[in-house]
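Okay, structure first, notes after.
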Amino acid sequence: MYEKIFDAELVAGELVDNVRAGTKAPLQDCIETTKLLLETLLSHSSDETLSAVHRALDTFSPDLENCFDARLLTALGRSLGQWFDEKSELSYSLSQEDDSHIEDMGIFAEIAAKTDPRIPERVAAEDNFDFVLKLKALYVMDQSYKVRIGAIRLLNNLTAIIPAVRRCLVDTELPSVLAPLISDQRTSAEERKMAVELLDQWAATGEPLPLVHLPFLNANFFKALISLHEDRSALKLLINLYASSPAETQELAMQALSDSKNGNLANHLLEYTNTTPTAASFFLLSRLLSLPEEQVNDLFYHNDLSVAATISSRELLNSVDDKVQDYCLQTLEALAKLGVRDYCMREALEGYHSF
């Protein structure tokens, strides 16, 4: 009779899978919970097998093909893939079976967000991203609003956690489909929010969108996007899109910003830059403050200029990002030309040049 060989890594995986299946908590939390349970047991026992399993958890990596999440996502992927094909064959018409599959898309998104991103990537990338491309077609073509919302929500989830999916979709017609939704009055608030977040998935990379999409980033697009500035996601898209776009598109954005004459927008930009001091946010801030003084006065309240000086001075000294420092310098230069002479500016410049 053969003795069963003890495999600490296999046991660790089974324990984590059981915790994941029982709690539905994020995978990393399940790993930590399993370690805590073993530590509790080890405080009452010196069992070497328990110690071996505990050590295995220190370098734990899920079985990308056979763990609990992999089995679930693979099964869901197959089921959804068959549904995508059926919807295509029926010209994306309404179906009584849609509701259960919409629920499955939500379950897929939830699991993908909680597990190791390599697991959903295996499903998404199979057969040259067949699953993703069919999901995109479902969103673009289906006649059911509920189906389309479920599809765009899953697309948004996958692009957020899987860079390869983001790269795949940017070369499709999807960005050109999403951009007009921002200015279309018929777009629901829910779908517009998803469109904003998806577009920002690409803009946040710092890479310009392929040229084929640029005609859709027109004056109407930027006017509508600017009107949404109270939504942090929309403001973030504006910031990142401005930084990653070619000069012609930047000019359209700047003209729309100048025409808005909205002091609240600049105030929200400063709030964003204060909490999220990125190169992109300082780049837009520096360009706005470099407009003719009359236009600056239309966009910024007088107090805002002192706030801009404080934030730029702080980040000039604190940031380790060369681009952030460069744009801070440009912002301070623009403020000086506008007659701003806050003490913090001189202190920051002296400190910066003394390094």
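The values are calculated or read from the model by the stated rules, or taken from the named source; none is laboratory data. Being a predicted model, the structure only gives us computed values, none of them experimental. Neighbour counts are summed over all protein chains in view; Cβ atoms, including those assigned to glycine, are modelled from backbone coordinates with ideal geometry.
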Q) Which of the residues spanning the range 1-35 are closer than 25 Å to Glu110 by Cα and surrounded by fewer than 18 Cβ atoms within 10 Å (Cβ to Cβ)? A) Glu14, Asn18, Ala21, Gly22, Thr23, Lys24, Ala25, Pro26, Gln28, Asp29, Glu32, Thr33
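Quick check on the range 148-169. Is at least one of its residues over 19 Å from the mean Cα position of the chain (by Cα), modelled with pLDDT of 95 or more, assigned to a helix (DSSP H, G or I) and under 28 Å from Ala204 (Cα atoms)?
To start, the set of residues in the range 148-169 that are over 19 Å from the mean Cα position of the chain (by Cα) comprises 148.
Checking which are modelled with pLDDT of 95 or more leaves us with 148.
If we keep only those that are assigned to a helix (DSSP H, G or I) too, we end up with 148.
Still in the running and under 28 Å from Ala204 (Cα atoms): 148.
Yes, the range 148-169 contains a residue that is over 19 Å from the mean Cα position of the chain (by Cα), modelled with pLDDT of 95 or more, assigned to a helix (DSSP H, G or I) and under 28 Å from Ala204 (Cα atoms).
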Q) Of the residues that make up the range 262-269, is at least one at pLDDT 95 or above, in a helix (DSSP H, G or I) and of a type outside the set (A, V, I, L, M)? A) yes
Q. Is it the case that Leu64 is part of a helix (DSSP H, G or I) and of a type outside the set (Ser, Thr, Tyr)?
A. no
Q. Pick from Asp259, Asp304, Asp321: which is surrounded by fewer than 18 Cβ atoms within 10 Å (Cβ to Cβ), under 17 Å from Leu235 (Cβ atoms) and not polar (S, T, N, Q)?
A. Asp304
Q: State all residues of the range 228-271 that are of a type in the set (Ser, Thr, Tyr) and more than 16 Å from the chain's Cα centre (by Cα); if no residue qualifies, say none.
A: Tyr242, Ser245, Thr249, Ser258, Ser260
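Within the range 224-251, can you find the residues that are in a helix (DSSP H, G or I), surrounded by fewer than 20 Cβ atoms within 10 Å (Cβ to Cβ) and out of contact with any Ser or Thr (no Cβ under 7 Å at 6 or more places or on another chain)?
Scanning the range 224-251 gives Ser227, Arg232, Ser233, Ser244, Ala247, Glu248, Gln250, Glu251.
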Q. Considering only the range 285-301, how many residues are surrounded by fewer than 19 Cβ atoms within 10 Å (Cβ to Cβ) and either touching a residue at least 24 places away in the same chain (Cβ under 8 Å) or part of a helix (DSSP H, G or I) (or both)?
A. 8
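For the range 58-99, give me each residue that is of a type in the set (A, V, I, L, M, F, W, C) and modelled with pLDDT of 95 or more.
Of everything in the range 58-99, those that are of a type in the set (A, V, I, L, M, F, W, C) and modelled with pLDDT of 95 or more turn out to be Leu64, Cys67, Phe68, Ala70, Leu72, Leu73, Ala75, Leu76, Leu80, Trp83, Phe84.
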